[in-house]
């Protein structure tokens, strides 16, 4: 995650893919779960809608709760690579998985 990602998450103009990539980098790095509440809720909404997937590694949220890695959840459940493929397509999921 970089300054440009933070600007995108703050609402600066970006297309949908740029927004998804910024969210995915925040989720991958674990920082998504330490941001103020509205960001964490936005990230969770992105996971539940298939716009983003869980990170490559588990993380902890602000309260110390463990957030699983994408390969620790059942394939096809929200947060998994397969869920994103189902919702957004393989090319989209591959692009996020490569981040």
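Coordinate-derived values only; no laboratory data. The shown structure was predicted, so the numbers you read here are calculated from the model rather than taken from an experiment. Cβ sites come from the backbone with ideal geometry, for glycine too, and all protein chains shown count toward neighbours.
Observations on the model:
- The chain, helix-only ellipticity at 222 nm - DSSP H runs n ≥ 4, -39,500 (n - 2.57), divided by all residues, nearest 500: -15000 deg cm²/dmol
- Label assignment, percent of Cα pairs over 21 Å apart derived from the structure, set (i) 37; (ii) 24; (iii) 28: (ii)
- Where labels lie 7 Å past Cα in the beta-carbon direction, separation of residue 63 and residue 14 in nm: 2.7 nm
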